[in-house]
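See below for the structure under consideration.
The values are calculated or read from the model by the stated rules, or taken from the named source; none is laboratory data. Computed from a prediction, not measured in an experiment: that's the story for all the values here. We place every Cβ from the backbone using ideal geometry, glycine too, and count neighbours over all the protein chains shown.
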There are 2 protein chains.
Amino acid sequence: MAEAQARRRSRGAGGGAARRAERTAVQVETARFIERNVPNYEVLTEEALETIEANAETVLAEIGVNFVENPGALQRWRDAGADVEGERVRIPRGLARELCATAPAQFTQVARNREKSVEIGGRNLVLAPVYGPPFVRGLSGGRRYATIEDFRNFVKLGQMSKWLHHSGGTICEPTDVPVNKRHFDMLHAHMILSDKPFMGAVTEPSRAQDAVDMCGLLFGNEFVQENTVLTSLININSPLTFDATMMGALEVYAANNQACIVSPFIVGGAMAPTTVAGTLTQVLAELMAGVAYAQLVRKGAPVIAGAFVTSIDMNSGAPTFGTPEAAHVTYGMGQLVRRLGVPYRSAGSFCGSKLPDAQAGMETANSLQTGLLAGVNFMLHSCGWLEGGLVASYEKFVLDSDQLGVLHHFARGVDMGDNGQAMDAIREVGPGGHYLGCAHTHANFKEAFWRSNVFDYKPFETWEEEGARDSQALAAARVDKLLADYQQPQIDPATAEALAAYVAERKAALPDAFS
Amino acid sequence: MAEAQARRRSRGAGGGAARRAERTAVQVETARFIERNVPNYEVLTEEALETIEANAETVLAEIGVNFVENPGALQRWRDAGADVEGERVRIPRGLARELCATAPAQFTQVARNREKSVEIGGRNLVLAPVYGPPFVRGLSGGRRYATIEDFRNFVKLGQMSKWLHHSGGTICEPTDVPVNKRHFDMLHAHMILSDKPFMGAVTEPSRAQDAVDMCGLLFGNEFVQENTVLTSLININSPLTFDATMMGALEVYAANNQACIVSPFIVGGAMAPTTVAGTLTQVLAELMAGVAYAQLVRKGAPVIAGAFVTSIDMNSGAPTFGTPEAAHVTYGMGQLVRRLGVPYRSAGSFCGSKLPDAQAGMETANSLQTGLLAGVNFMLHSCGWLEGGLVASYEKFVLDSDQLGVLHHFARGVDMGDNGQAMDAIREVGPGGHYLGCAHTHANFKEAFWRSNVFDYKPFETWEEEGARDSQALAAARVDKLLADYQQPQIDPATAEALAAYVAERKAALPDAFS
């Protein structure tokens, strides 16, 4: 709050001309990350938590996990006291949890605009956009392969979003750029077009190193070694398997004190048992092994424990979203991860729908609400997800990021001060009166209620005259407006030049690879 | 569960021909009301609850409530020890809460099909459809005034819904029937076209008596006096006012041991303060006065304490739905009503959208989720609500009632038995395997995951070939199918005849009134 006040004061400090310019300029606001002032929802009893924890230790000790094509990892585990047989690592009861204890419960990811740095962990919630879709939908035309131009548009939309704290990572796959060069262009876009925190590459250990090196240009090499400026997504190959590419990227990041989200990607009934308790057991075992491994690479390296779990439609085999079983897992995993003592990543704007329609709205709202109440600390995919993650949707990006305002306002909790209690207003109005004209209402109405910037609140007749637009059409208009209003954040010209030169040089030095 | 098993067994008891007929017939399933096996979410601290309760007593004792044009009510309050001055009733601290103590914490509303009777209160949740819209949208054409034909269609859709426990009341206003005769046709439709429990008329005390009399024909007069067969909606005229029409209806119902939902209809900032704590204080005072008054009419009469609270868009004055402030009120009021010891009504398929689009989906899902976790016992408007309640939507009715399945499955909680823990499955599959073929998955997959009957789960190509339909189009197709498949529940012919004769006779005896 002190930071926000300082910002307001500094804005007001200019002369009359500056104030006039400010009034005509588009205001780009960014809310501070969410600091929850409401309790978490807990679906599991203490007894259930203990049972699952004991079962997870059994999984690690008796079944074990595979570290594939990674002799270095096997050696680290052997040195730590695990039983290594081929690529199978069996971890004695208690060892993984003990190793996890050196991971920080909370850490700061620094943004180049320090006012937008985020605190990940504790009672906080940091919101980041969708990650990974090869397709986009909207803006001009239907569903199509994503390009670097789409990627840049999404970075701009994220920068313009009040409620999004984080610029994310692979918001969509820029399929028109060679596979081995995409990370340069994506990182460059995050660094130049946004001043929010962002994510690094994970598709090759060398690309993770490139991300660290580019951060060196942006933040200074020494600064990067002493601070966390990247949070990157490391998927576990469920069940119970850690592959060499992802672990290679994790090793680079952990060694450089950069954060990783260690997270399985689970379609229930395929990569985990069909039951909630079984899924929680397997995921907890996987997370303990993954977080512990990061600590073996570098004690104290920041790690987020993640759970991406969907249900499956047993008729079609399709993953399904916003389901009650996914909610059980999200709530339960939150409890288990808090007991592990590391930040928690889960939930998102998940839906299976092909369009930003009622299905998408319901599935997404179910998941966002669950994420808020489950105590999630880092919500990847918090806006823009469509069609099971195959598509980044322009319209849904703005519909979802608007809806993230609901999470902010709910998390504030209930004001129980004198103004909140409003006894004066109740006395003033009395039986049969109305509150629209009363002093308390006048003093409070501007801040009293969250309001959407994209939903329709107009009288029926006005709405009909204006073309009877549905949410998708209203969102499309808002996408256009936000991109037209976009303002590039200022950056030191020498830094920008150094980054551009680095990207040009590195891309020129590599042959194009498209797979 | 025992009932459901008995039903299945009795179905299986017929001969081969009966079994063949059954296989070709449409299966109409109705789920039992929800019995929560998950905790409630509580947003208020003990201290906050005590503050609001003390403030509500202050409101009742110092400000008071108005009972308008109702000398009988004023006399009842005087006799009970309240301070009556004109139409203002000031209730000494503690008196209202003391009177509320004779209202039952839980009661049974009997349905004519006893297997569909509902238990209202405790950890249960009973779901009823939208109530009150003058317009409908969908089926054939856009938005138009509702007719009795629409009303009957909605009763049929309710009867066909697996997840809806209650047939509701004024699902839409049959505007083609004279105002003073609508209740006959609506009650008749609920009684004949559905075998689920339903609601009575409240627009005149005499019409409430008609509802009781018609129930006498359906259930037997003596049965009605000894059982609750109606739950009716009595609105408080906020702030702090009880009008003669609504109270007159309440008096009829309470005197006949029939249940009332005593509930304000509040647009925040207009009929209550802009703040959550202020709104909770006023609503609690209103509910205590209303529930207490029902006990003055007949000690032990079943009452549900309701909270219908929306936010307001201070730009347009429109009520807004699915907002964080409404969620705070819904959660907080649940805590306060549980401490009052009566069943709680709140939440619903609320949205402000003009169409069943993404906005409608998000707003609705926010409210349904909140209702589930807030411990709501009776959810009116749980499906079909559109455009701030002005419209009953065919498509949204089936989208929402499908989504109510999510609430059922979530409320089951997490199975922590051996099958739920699934350790055998995790052992069987091991690192790098997959669960689709394992024995545990085969044993569980049919029941493991909730699945929608209206959402799109198809591969993109199939979906596109089939016309790239959005949720609204898919729901329209499902409306047609459900109405085509509709099966009228059996009823004793003599009872049906008596009801038809009563309605015909009473309608003929009254002049038509259209306002």
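Exactly one of these conditions fails for A:T228: (1) away from chain B (no Cβ under 14 Å); (2) in contact with an Asp or Glu (Cβ under 6 Å, 6 or more places away or on another chain). Give me its number.
(2)
Of everything in the stretch B:457-472 that's assigned to a helix (DSSP H, G or I) and closer than 19 Å to A:D470 by Cα, which residue is farthest from the other protein chains (Cβ to nearest Cβ)? Lay out the reasoning, then the answer.
Keep residues of the stretch B:457-472 that are assigned to a helix (DSSP H, G or I), which gives B:460-465, B:471-472.
Still in the running and closer than 19 Å to A:D470 by Cα: B:471-472.
Details: B:S471: 4, B:Q472: 7 Å.
So the residue we want is B:Q472.
Are any of the residues in the stretch A:438-447 aromatic (F, W, Y) and in a loop (DSSP other than H, G, I, E, B)?
Pass one, the stretch A:438-447, residues aromatic (F, W, Y): A:445.
In the following step, the residues that additionally are in a loop (DSSP other than H, G, I, E, B) were identified as none.
Scanning the stretch A:438-447 turns up no residue that is aromatic (F, W, Y) and in a loop (DSSP other than H, G, I, E, B).
Given the conditions (1) assigned to a loop (DSSP other than H, G, I, E, B); (2) within 9 Å of chain B (Cβ to nearest Cβ); (3) aliphatic (A, V, I, L, M), report the number of the one that A:I491 does not fulfil.
(2)
Has the stretch A:102-118 got at least one residue that is free of Cβ contacts under 8 Å to residues at least 60 places away in the same chain, under 27 Å from the mean Cα position of the chain (by Cα) and farther than 23 Å from A:V283 by Cβ? Steps first, please.
Filtering the stretch A:102-118 for residues free of Cβ contacts under 8 Å to residues at least 60 places away in the same chain gives A:114.
With under 27 Å from the mean Cα position of the chain (by Cα) added as a condition, the list becomes A:114.
Add one more test, that the residue is farther than 23 Å from A:V283 by Cβ, and what stays is A:114.
Yes - at least one qualifying residue is present in the stretch A:102-118.
Confirm whether B:V283 is within 14 Å of chain A (Cβ to nearest Cβ), crowded, with 23+ Cβ neighbours inside 10 Å and under 29 Å from A:G430 (Cβ atoms). Before you say what the answer is, go through the steps one by one.
Working: within 14 Å of chain A (Cβ to nearest Cβ): yes; crowded, with 23+ Cβ neighbours inside 10 Å: yes; under 29 Å from A:G430 (Cβ atoms): yes.
Yes; evaluated as a whole, the condition is true for this residue.
For A:L380, state whether it is in contact with a Phe, Trp or Tyr (Cβ under 9 Å, 6 or more places away or on another chain), surrounded by fewer than 24 Cβ atoms within 10 Å (Cβ to Cβ) and more than 23 Å from B:A270 (Cα to Cα).
Numbers: in contact with a Phe, Trp or Tyr (Cβ under 9 Å, 6 or more places away or on another chain): yes; surrounded by fewer than 24 Cβ atoms within 10 Å (Cβ to Cβ): no; more than 23 Å from B:A270 (Cα to Cα): yes.
Taking the combined requirement at face value, the residue does not satisfy it.
Any idea how many residues of the stretch A:453-489 are in contact (Cβ under 8 Å) with a residue 40 or more places away in the chain, polar (S, T, N, Q) and more than 11 Å from B:Q359 (Cα to Cα)?
Residues flagged as in contact (Cβ under 8 Å) with a residue 40 or more places away in the chain, polar (S, T, N, Q) and more than 11 Å from B:Q359 (Cα to Cα) within the stretch A:453-489 amount to 3.
Restrict the check to the stretch B:65-80 and report whether at least one residue is of a type outside the set (D, E, K, R), free of Cβ contacts under 8 Å to residues at least 60 places away in the same chain and within 14 Å of chain A (Cβ to nearest Cβ).
Within the stretch B:65-80, one or more residues are of a type outside the set (D, E, K, R), free of Cβ contacts under 8 Å to residues at least 60 places away in the same chain and within 14 Å of chain A (Cβ to nearest Cβ).
Please determine, by comparing only the residues of the stretch B:291-315 that are touching a Phe, Trp or Tyr at 6+ places or on another chain (Cβ under 7 Å), within 14 Å of another protein chain (Cβ to nearest Cβ) and surrounded by 24 or more Cβ atoms within 10 Å (Cβ to Cβ), which one is nearest to B:E98 (Cα to Cα).
B:T310
Under 6 Å between Cβ atoms, at least 6 apart or on separate chains: pull out the pairs that start in the stretch A:247-263 with a residue that is within 17 Å of A:F67 (Cβ to Cβ) and end on any residue that is of a type in the set (F, W, Y).
Pairs that qualify, where the first residue is within 17 Å of A:F67 (Cβ to Cβ) and the partner is of a type in the set (F, W, Y), are A:C260/A:Y253; A:S263/A:F308.
For the stretch A:261-276, give me each residue that is small (G, A, S), modelled with pLDDT under 95 and either crowded, with 24+ Cβ neighbours inside 10 Å or in contact with a Ser or Thr (Cβ under 6 Å, 6 or more places away or on another chain) (or both).
Applying the first criterion (small (G, A, S)) to the stretch A:261-276 yields A:263, A:268-270, A:272.
Checking the rest, the ones that are also modelled with pLDDT under 95 come to A:268-270.
Selection gives A:G268, A:G269.
For A:F445, indicate whether it is within 22 Å of B:S238 (Cα to Cα), within 27 Å of the chain's Cα centre (by Cα) and of a type in the set (F, W, Y).
no
Kindly indicate the residue of the stretch B:410-421 that is more than 7 Å from chain A (Cβ to nearest Cβ) and without any contact (Cβ under 8 Å) to a residue 24 or more places away in the chain and also nearest to B:W163 (Cα to Cα) among those meeting that condition.
Residue satisfying both the conditions and the ranking: B:G417.
Please give the number of the condition B:K446 fails out of (1) within 14 Å of chain A (Cβ to nearest Cβ); (2) of a type in the set (D, E, K, R); (3) surrounded by 12 or more Cβ atoms within 10 Å (Cβ to Cβ).
Going through the list (1) within 14 Å of chain A (Cβ to nearest Cβ); (2) of a type in the set (D, E, K, R); (3) surrounded by 12 or more Cβ atoms within 10 Å (Cβ to Cβ), B:K446 breaks only (3).
Do we find a residue being touching a strand residue (DSSP E or B) at 6+ places or on another chain (Cβ under 6 Å), within 28 Å of A:F107 (Cβ to Cβ) and at pLDDT 95 or above anywhere in the stretch A:356-367?
no
Can we say A:G430 is on the phi > 0 side of the Ramachandran plot, of a type in the set (G, A, S) and facing chain B (nearest Cβ under 7 Å)? Break it down stepwise before answering.
Details: on the phi > 0 side of the Ramachandran plot: yes; of a type in the set (G, A, S): yes; facing chain B (nearest Cβ under 7 Å): yes.
So A:G430 fits the description; yes.
Taking only pairs six or more apart or across chains, which ones have beta-carbon atoms under 8 Å, a first residue in the stretch B:422-446 that is among the acidic types (D, E), and a second residue that is surrounded by 15 or more Cβ atoms within 10 Å (Cβ to Cβ) and not in a helix (DSSP H, G or I)?
So the pair list comes out as B:E428/B:C438.
Which residue is nearest to A:V291 (Cα to Cα), if the candidates are limited to the stretch A:202-246 and must be surrounded by 24 or more Cβ atoms within 10 Å (Cβ to Cβ) and small (G, A, S)?
Top of the filtered list is A:S238.
Anything in the stretch B:349-373 that is more than 7 Å from chain A (Cβ to nearest Cβ) and farther than 14 Å from B:I304 by Cβ? List them, or say none. First the steps, then the outcome.
Quick first cut of the stretch B:349-373, residues more than 7 Å from chain A (Cβ to nearest Cβ) only: B:349-351, B:363, B:367-368, B:370-372.
Within the stretch B:349-373, B:S349, B:F350, B:C351, B:E363, B:S367, B:L368, B:T370, B:L372 qualify.
From A:V479, A:V454, which residue is outside any loop (DSSP other than H, G, I, E, B) and of a type outside the set (K, R)? Talk me through it step by step, then tell me what you get.
Numbers: A:V454 fails: outside any loop (DSSP other than H, G, I, E, B).
The unique qualifying residue is A:V479.
From A:I304, A:I312, grab the single residue that is modelled with pLDDT of 95 or more and either more than 14 Å from the chain's Cα centre (by Cα) or aliphatic (A, V, I, L, M) (or both). Give the derivation first.
Details: A:I312 fails: modelled with pLDDT of 95 or more.
Being modelled with pLDDT of 95 or more and either more than 14 Å from the chain's Cα centre (by Cα) or aliphatic (A, V, I, L, M) (or both) holds for just one of A:I304, A:I312, which is A:I304.
Within the stretch B:254-280, work out how many residues are more than 14 Å from every other protein chain (Cβ to nearest Cβ) and either of a type in the set (S, T, Y) or part of a helix (DSSP H, G or I) (or both).
3
With the condition kept exactly as written, say whether any residue in the stretch A:393-409 is under 27 Å from B:A365 (Cβ atoms), touching a residue at least 24 places away in the same chain (Cβ under 8 Å), assigned to a strand (DSSP E or B) and more than 7 Å from chain B (Cβ to nearest Cβ). Let's see the steps before the verdict.
To start, the set of residues in the stretch A:393-409 that are under 27 Å from B:A365 (Cβ atoms) comprises A:393-409.
Then keep just the ones that are touching a residue at least 24 places away in the same chain (Cβ under 8 Å); that gives A:393-409.
If we keep only those that are assigned to a strand (DSSP E or B) as well, we get A:393.
So of that shortlist, the ones also more than 7 Å from chain B (Cβ to nearest Cβ) come out as A:393.
Yes, because at least one residue in the stretch A:393-409 is under 27 Å from B:A365 (Cβ atoms), touching a residue at least 24 places away in the same chain (Cβ under 8 Å), assigned to a strand (DSSP E or B) and more than 7 Å from chain B (Cβ to nearest Cβ).
Among the residues of the stretch A:128-137, are any within 14 Å of another protein chain (Cβ to nearest Cβ), at pLDDT below 95, over 16 Å from A:L407 (Cβ atoms) and not in a strand (DSSP E or B)?
No: zero hits.
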